[in-house]
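A short write-up of the structure that comes next.
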Amino acid sequence: MKNDILSLSQNLIRCPSISPDDQGCQQVIAERLEKLGFSIEWLPFNDTLNLWAKHGSTAPIVAFAGHTDVVPAGDESQWTYPPFAAEVVGDMLYGRGAADMKGSLAAMVVAAEDYVKANPNHQGTIALLITSDEEATAKDGTVRVVETLMARGENIDYCLVGEPSSSKMLGDIVKNGRRGSITGNLYIQGIQGHVAYPHLAENPVHKAVPFLQELTTHQWDNGNEFFPPTSLQIANIQAGTGSNNVIPGELFVQFNLRYCTEVTDDSIKNKVAEMLAKYGLKYRIEWNLSGKPFLTKPNKLVKAVVEALEKIVKISPQLDTGGGTSDARFIALMGGEVVELGPLNATIHKVDECVSVTDLAILGKVYKSILEKLL
């Protein structure tokens, strides 16, 4: 298994699949799975390629989910080893996507292959949902596949997302939920004018200060046993023409909330509107909901994941809902159980991204063990 996972990881890393360009990664995977009797369905949307592969036709459906796209490598001269060469030095495999997430994707594919070879007439269905649009807009990838599957009454019962969840050692963290993410693009209107004649103008920055003070100090909730309290951060703020003698006519404020299950996107929007009205501001606001919060409670999937890690890695993982968003937020809309389990995240999106070859081999064994427990 170790050599198979390493070889497939290298083949995938050598495809410079900058999001959303798959660069042939999914074709490599599809050809392998097809040889074992997996049905292959291509679900392309705009410039994004998506693969839905299945072996079996009965319940439950156990799916592996992941993405072949990666973030740009940046200045390649800063890398110790070329970002798309997939070089192995000692126990480490170097390359863009090694940890996020071509390594775990390879481990999933090989685990599924090994399980099917050993259990050709297995119960239930093994599926792989693979996209090339996770690192960029995430508009035509997993979310569109989920919409397609739900429209035809096809659901996923259990899903393992291969995002790099581990922190200090393989398997120490399992993501069983994520906070929601919503961004507000707020434009506060004033009246532009000369700074020497403020009575003929209306400075939106001055008028917005009390509102911004309340916005940034408001206690949205206290969190709960699964999530930390909701947090708000201003990401961008801009006003003026660049001249020191012009009162700006508009103030732009962009803020993001990472919110827990104690609030909703609607309640957040309503509260912000209430604050804006309180201070009599003239404004327009555009909201962008990246994902609602989700939580998988310790049921059958979590139990299988924990047992597999305890047996193979000799570690009792911590269930965690922190961090950013992932495609798990879309899969959770199907109503099944979803968790994220993958390699260490220490080098993701960095120069010299790398992953332990030994860890990938162990991860493949863990994935296979989870299949055995669920099917």
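The values are calculated or read from the model by the stated rules, or taken from the named source; none is laboratory data. As the structure is a computational prediction, the values presented were derived from the model and not from experiment. Positions of Cβ are generated from backbone atoms using ideal geometry, with glycine treated the same way; all protein chains shown enter the neighbour counts. All accessible areas refer to the heavy atoms of the entire protein, side chains included, with ligands and DNA or RNA removed. Shrake-Rupley method; radii C 1.70, N 1.55, O 1.52, S 1.80 Å.
Quick one: what are the phi-derived ³J(HN,Hα) couplings along region 163-168, Karplus 6.51/-1.76/1.60 with θ = phi - 60°, whole Hz, x for glycine and proline?
4, x, 8, 6, 10, 9
Be a star and scan region 195-221 for residues whose amide nitrogen sits under 12 Å from the point 7 Å along the Cα-to-Cβ vector of Val246.
Label zone hits: 195.
When 1/r is averaged over all different Cα pairs and the result inverted, which Kirkwood radius in Å belongs to region 200-330?
For region 200-330, inverting the mean 1/r across all distinct Cα pairs yields 18.1 Å.
So if we plug the beta-carbon distance of Asp221 and Glu310 into 1/(1 + (r/R0)^6) with R0 = 51 Å, what FRET efficiency do we get, rounded to 0.05? Don't jump to the answer; show the numbers that get you there.
Numbers: r = 33 Å, r/R0 = 0.65.
Efficiency, rounded to the nearest 0.05: 0.95.
Provide the per residue accessible area, probe 1.4 Å, for region 135-196, rounded to a whole number of square angstrom.
37 Å²
Rank Glu135, Glu307, Glu41 by mean-square fluctuation in a GNM of the chain with C-alpha springs under 10 angstrom and give only the top-ranked residue.
Result for the chain, Cα springs under 10 Å: Glu41 fluctuates most.
When the chain is modelled as a GNM with alpha-carbon springs shorter than 10 Å, which of Phe38, Phe84, Phe211 fluctuates the most?
Phe211
With n ≥ 4 as the cut-off for DSSP H runs, can you work out [θ] at 222 nm for the chain, using -39500 (n - 2.57) per run divided by the number of residues, rounded to the nearest 500? The partial results should precede the final answer.
Values: 9 runs with 112 residues, N = 375.
Helix-only estimate at 222 nm: -9500 deg cm²/dmol.
Could you tell me which of Ala63, Ser17, Pro210 has its Cα farthest along the dipole of the chain towards the positive end, charges placed at Cβ (Lys, Arg +1; Asp, Glu -1), taken about the Cα centre?
Among Ala63, Ser17, Pro210, the one farthest towards the positive end of the dipole of the chain is Pro210.
Could you give the dipole magnitude of the chain about its Cα centre, charging the beta-carbon of Lys and Arg +1 and that of Asp and Glu -1, in debye to the nearest 20?
Numbers: 33 positive and 44 negative charges, 140 e Å.
With Lys and Arg at +1 and Asp and Glu at -1, about 680 debye.
Take the alpha-carbon centre of region 131-171, take the same for region 294-334, and report the distance between them in whole Å.
Rounded to whole Å, the Cα centres lie 14 Å apart.
Trypsin sites (Lys or Arg not before Pro) within region 300-375: which are DSSP loop residues with at most 11 other Cβ atoms inside 10 Å?
Lys314
Quick one: if you take sqrt(5λ) for each eigenvalue of the C-alpha gyration tensor of region 92-158, what semi-axes come out, biggest first, whole angstrom?
Each semi-axis is the square root of five times an eigenvalue, giving 23, 23, 6 Å.
Just the number, please: carbon plus sulfur as a percent of the accessible area of the chain, 1.4 Å probe, no ligands or DNA/RNA counted.
48 percent
Can you compute the modelled spin-label distance between Thr358 and Ala235, with each label point 7 Å from Cα toward Cβ, in nm?
3.9 nm
How large is the Rg to Rh ratio of the chain when both quantities use alpha carbon positions and Rh follows Kirkwood?
Ratio of gyration radius to Kirkwood radius for the chain: 1.05.
Tabulate in residue order the Karplus-calculated ³J(HN,Hα) for region 63-72, using 6.51 cos²θ - 1.76 cosθ + 1.60 with θ = phi - 60°, rounded to whole Hz; enter x for Gly and Pro.
10, 9, 10, x, 9, 8, 7, 10, 7, x
Could you report region 222-368's accessible area per residue, 1.4 Å probe, as an integer in Å²?
Accessible area per residue, region 222-368: 47 Å².
To the nearest 10 square angstrom, what accessible area does Asp172 show with a 1.4 Å probe?
It works out to around 20 Å².
Using 7 Å Cα-to-Cβ label points, what is the Ala346/Lys303 separation (nm, one decimal)?
3.5 nm
Run through all the Cα pairs of region 1-143 and give the fraction in each 10 Å bin from 0, expressed as whole percent.
Taking every Cα pair in region 1-143, the percentages come to 12, 41, 32, 12, 2, 0.
So which residue, out of Ala346, Ala106, Ala277, gets the largest mean-square fluctuation from a GNM of the chain using Cα contacts under 10 Å as springs?
Residue with maximal mean-square fluctuation among Ala346, Ala106, Ala277: Ala277.
May I ask you to compute the full-extension gain from Lys269 to Ala118, defined as 0.36 nm times their residue separation minus their alpha-carbon distance, rounded to one decimal in nm?
Full-extension gain reported as 49.1 nm.
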